[in-house]
Amino acid sequence: MKITDRTKKWLTIAGLGVVCVVLVIVIASQFKTEEPKEVSVQPSSTAMDAVTPSTPSTDSTNTQVNAQPIDSTVTPATSTDTGDSTGTDQSIQAEVTKPPEPSQEAKTDQSKTPDGQKVDTVTPVEHDNVPTPAPETSTPKAGDKNDKGQIWFPGFGWVDDEGANTGTVVDGKGDINKPVGNMD
């Protein structure tokens with residue numbers, strides 16, 4: 001049996017169609033969500049019920065404790081966190097409150113910031129009496145010549161002096177394809 005070119009084309013298209021349908025089904029099955037399985041936690045056989053704390057040796061004679069003095073004017077920060085993060089339900093935390101405004105004396109005291117931090121004093125500089133540095137003359141000006149006979153061009157640097165520019169009068173009969181100059 002002989003298969004014609006038209007039949008071959010249709011069989012190829014039908015085969016590719018079947019492959020595409022199979023690929024779509026495989027890809028769609030990857031997006032299927034599975035229910036989580038309950039995992040039973042087995043108790044550890046290596047867990048110990050008895051706790052034996054170790055006590056550090058106290059035979060050193062140099063026991064010195066450094067403690068910061070308690071400032072009664074500073075109020076400790078209290079936690080107003082009312083959020084519940086246990087379990088699967090969550091609750092929103094309490095509304096944030098604005099801290100109290102500093103006193104007028106704390107605002108106007110220039111030796112401290114309003115929150116009580118010390119400010120370093122800076123001596124002002126008189127801008128009229130600041131000496132100006134001498135301008136540097138290391139960059140030559142356009143057209144300056146050096147001892148090698150070169151000329152300074154800004155953006156190009158030192159360029160050899162080729163002499164004066166020369167011009168040539170060209171026949172201007174409008175032929176744009178006519179070669180100009182020596183083409184050797």
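The values are calculated or read from the model by the stated rules, or taken from the named source; none is laboratory data. All values reported here derive from a predicted model rather than from experimental measurement. Virtual Cβ from ideal backbone geometry, glycine too; neighbours counted across all protein chains shown. Note: areas computed on protein heavy atoms with side chains; ligands, DNA, RNA excluded. Shrake-Rupley method; radii C 1.70, N 1.55, O 1.52, S 1.80 Å.
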Sort out which residues of the stretch 100-145 are of a type in the set (S, T, N, Q), under 30 Å from residue 157 (Cα atoms) and either touching a Cys at 6+ places or on another chain (Cβ under 6 Å) or modelled with pLDDT of 75 or more (or both), and write them in order of number.
132, 139
Matching option when the condition is surrounded by 10 or more Cβ atoms within 10 Å (Cβ to Cβ), part of a loop (DSSP other than H, G, I, E, B), at pLDDT below 75 and not small (Gly, Ala, Ser), among 61, 75, 82, 88:
82
So which residues in the stretch 98-112 are assigned to a loop (DSSP other than H, G, I, E, B) and touching a helix residue (DSSP H, G or I) at 6+ places or on another chain (Cβ under 9 Å), if there are any at all?
101
Does any residue in the stretch 141-157 that is in a loop (DSSP other than H, G, I, E, B) and of a type outside the set (A, V, I, L, M) come within less than 7 Å, Cβ to Cβ, of a residue that is open to solvent by 80 Å² or more (accessible area, probe 1.4 Å) and modelled with pLDDT of 85 or more six or more places away or on a different chain, and which pairs are these?
146/158
Would you call residue 159 β-branched (Val, Ile, Thr), at pLDDT 80 or above and open to solvent by less than 80 Å² (accessible area, probe 1.4 Å)?
yes
